[in-house]
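Working notes for the structure below.
Nothing in this text is a laboratory measurement; each read-out follows from the coordinates by a stated rule. The structure presented is a predicted model; accordingly, all values stated were derived computationally and were not measured. Cβ sites come from the backbone with ideal geometry, for glycine too, and all protein chains shown count toward neighbours.
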Amino acid sequence: MRVAINTKLFFTIFVLLKLKIPIVYKYFVPFLFVFLYFLPSKISAQTEKDLKIILITLDGFRWQELFSGADPLLIANKKFVHDTTELKARFWHENAQERREALMPFFWKQASTMGQLHGNRPLGSKVNLTNTLWFSYPGYNEILSGRADDVRINSNDKVDNPNMTVLELVNESPKYKGKVAAFASWDVFPFIVNEKRSGVPVNAGFEKAKGEKLTANEQFLNKLQDQTPSPWSTVRLDAFTHNFALEHLKKEHPQLVYIAYGETDDFAHEGHYDAYLNAAKNTDGLIKELWEFTQNDPFYKDKTIFLITTDHGRGTKPIETWKNHGNEVPGAGGVWLVAFGKGVKTSGEVGGKGQLYSNQIAPTILALLGLSIDSDQMPGAPIELGID
């Protein structure tokens, strides 16, 4: 791994050596050699050593609900909620912090104590898309490839992604070859990841688990998926995506896994705010299960980082625009990022004037795994997570 020395530090060392002061040679030079000897191994330990990464997306889940819980303007709106009394009993509190804990208890009672949550805009923390289209395929391309491509990625059509994703780049490296996998509820993901070219296995849509050595759970999931109708023709229920991924983690122990949950976006498009909140709460529980699994499996325990985000935001004004996104919906380019796990600095809910972008996620993964970054292809800088 290359080690970059700060320019000012280098200049200071150069000047001190040029002065040829005896005390410098007696005390400083030996210290300098020791410092430089240990520096590379220290940096390497911060990044690639035994590290595993689980990247997760919640399709179209708004930052407003993540940081403030149920929307006061929607939770009792009978146009969007079938049973307002029941929904308020589950998710309503006058205090926004209590509301968000009711909706996302794992995020706020556990993840926030071992990581950082970015994107609460009233506190000054912003996370934005760099693509200008603000819908799914462009958003996922940006997250995974580290760049917006509004010219070539401008629809949700099933077209193979011309850009190499971070999954493909990691899978190409000798160290991680065959140790990358993706699971998704939306059936467009084999094209987003470009499964044919990349060689990264993608279980998405209504695909079954494949292989000669299927576990009993995988066989059961295959059967159950056939017997369980989905409300949508292109998106399966997240429980299948989650459990196919969990079985793969148990059996194959990949080092980079991507899991894309989809229900939040589809329920929102249908205008079912109750189902949207219930899906978010359920996904919070699924992520908790993943975390608990990693902390009870020796391969992942104390060696895993979770990165969680969304592909786009949604509208707020007028109120009906909460169902929608796209560049005609103000605010739909605002997203969020959650990071926790091995060595991630515990900052909790991040405030102050901070700006992150979705195109920084892919280079962050490469940096954490100790792989090189082509800044021409990935213009975003790796996110500083304060890795210990």
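A compact globular protein would have a Cα radius of gyration near 2.2 N^0.38 Å; the ratio found for the chain is 1.06. In the chain, the longest principal axis of the Cα atoms and the axis of helix 29-46 are about 20 degrees apart. Residues Ile54, Ile143 in ascending order of nearby Cβ atoms (within 10 Å, fewest first): Ile54, Ile143.
If the segment from Asp374 to Lys210 were pulled out straight at 0.36 nm per residue, it would be longer than the present Cα-Cα gap by 55.6 nm.
Can you give me the angle between helix 273-294 and the longest principal axis of the chain, using Cα atoms only, in degrees from 0 to 90, rounded to the nearest 10? Roughly 40 degrees, rounded to the nearest 10.
By the count of other C-beta atoms within 10 Å, a proxy for reagent exposure, Thr241, Thr316, Thr113 are ordered fewest to most as Thr113, Thr316, Thr241. Using only alpha carbons, the stretch 244-289 has a radius of gyration to Kirkwood radius ratio (Rg to Rh) of 1.11. Diagonalising the gyration tensor over the Cα atoms of the stretch 311-388 and scaling each eigenvalue by 5 before taking the square root yields semi-axes of 29, 17, 10 Å, largest first. Overall size of the stretch 128-186 from C-alpha positions, given as principal axis extents largest first: 35, 22, 21 Å.
Against the chain, whose longest principal axis comes from its Cα atoms, helix 7-19 is set at around 10 degrees.
Taking the fewest neighbouring Cβ atoms within 10 Å as the starting point, the ordered list for Tyr176, Tyr140, Tyr276 is Tyr176, Tyr140, Tyr276.
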